[in-house]
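Asks: Structure below; questions to follow.
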Amino acid sequence: LSSKVGTKFAYAGLSFDKVQLTADGGQVLETSLVPCEGVKLSFKGNKGADLGIDYTKGNIFATGVLDVKDMSRFSTSACLGLDSGFTVGGDATYALSGKTGFSAYNVGASYSQGKLFTSVTSASKLSSVNIGCVYKVNPELSVASSTTHTSEKACTVNAIGAAYKAPIGDVKAKIGSDGMISACLIKEVAPKVTLTASGTVSTSDLSNFKYGIGIVM
């Protein structure tokens, strides 16, 4: 059984987006601040510490994240939304310590039209391509799939899943290519209090069922 307790609030213009205690004694802190229109500063602290900046103007969105704990890397990304329903973008990571230089870079695109959303992104310095699809069957039910394509293997099905807005709460489930089945129930049990119950089991060993409960206030 795993559990966590968290909250979020704002004070003097500073938003505490996540203040959380985990079952293993860890602490999570996420804060954000908007100093001017289109600019958002953020801090995320857990096992590491990252200082971020988001910039938005029109159809352009860009980010930057600096590892302020070890000063080991700087990551950036940018994307542009087009009126045709397409969005294109890319990201890169530059190593500041050890072997300096670009340690990662990739590009991607997505298309949204009606009930269908699909995305194509590269991985591992353009060596593989990931394709994700989401189809909204009706207002309550959505289905999704994720596949990977490389020169060595034409197609690998990573996962197939679905999300359903049930009367008791939001139910999400997926099965991965490794045979792992995961599901969760998300329900607002009180104003601004969300309960999440989750479980995971392998199709090869149904007796080894793992579950957890989380509460966010």
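The values are calculated or read from the model by the stated rules, or taken from the named source; none is laboratory data. None of the values given here were measured: they were computed from a predicted structure. Glycine also receives a Cβ, built like all others from the backbone with ideal geometry; neighbour counts cover every protein chain displayed. Side chains included, ligands, DNA and RNA excluded: accessible areas come from the protein's heavy atoms. Shrake-Rupley method; radii C 1.70, N 1.55, O 1.52, S 1.80 Å.
Yes/no matrix, rows are residues, columns are (1) open to solvent by 50 Å² or more (accessible area, probe 1.4 Å); (2) assigned to a strand (DSSP E or B); (3) without any contact (Cβ under 8 Å) to a residue 24 or more places away in the chain; (4) closer than 28 Å to residue 119 by Cα:
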residue	(1), (2), (3), (4)
147	no, yes, yes, yes
161	no, yes, yes, yes
187	yes, yes, yes, no
196	no, yes, yes, yes
199	no, yes, yes, yes
209	yes, yes, yes, no
214	no, yes, no, no
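Asks: Take the residues in the range 37-83 that are within 23 Å of residue 103 (Cα to Cα) and more than 21 Å from the chain's Cα centre (by Cα); name whichever of them is least open to solvent (accessible area, probe 1.4 Å).
Replies: 72
Asks: Return the residues of the range 112-139 that are of a type outside the set (A, V, I, L, M), closer than 25 Å to residue 153 by Cα and part of a loop (DSSP other than H, G, I, E, B); say none if nothing qualifies.
Replies: Answer for the range 112-139, where residues must be of a type outside the set (A, V, I, L, M), closer than 25 Å to residue 153 by Cα and part of a loop (DSSP other than H, G, I, E, B): 124, 125, 127.
Asks: Checking residue 183 against (1) buried (at least 16 other Cβ atoms within 10 Å of the Cβ); (2) not in a strand (DSSP E or B), which single condition isn't satisfied?
Replies: For residue 183, the exception is condition (2).
Asks: Separate question: Anything in the range 169-184 that is at negative phi and of a type outside the set (A, V, I, L, M, F, W, C)? List them, or say none.
Replies: 170, 172, 174, 176, 177, 178, 182
Asks: Can you pull out every residue in the range 1-32 that is within 21 Å of the chain's Cα centre (by Cα) and outside any strand (DSSP E or B)?
Replies: 26
Asks: Consider residue 47 against the criteria (1) farther than 27 Å from residue 74 by Cβ; (2) not in a strand (DSSP E or B): it satisfies all of them except one. Which criterion is unmet?
Replies: Failed condition: (1).
Asks: Test residue 11 against the stated conditions and say whether it is modelled with pLDDT under 95, out of contact with any Pro (no Cβ under 6 Å at 6 or more places or on another chain), hydroxyl-bearing (Ser, Thr, Tyr) and loosely packed, with under 14 Cβ neighbours inside 10 Å.
Replies: It is true that residue 11 is modelled with pLDDT under 95, out of contact with any Pro (no Cβ under 6 Å at 6 or more places or on another chain), hydroxyl-bearing (Ser, Thr, Tyr) and loosely packed, with under 14 Cβ neighbours inside 10 Å.
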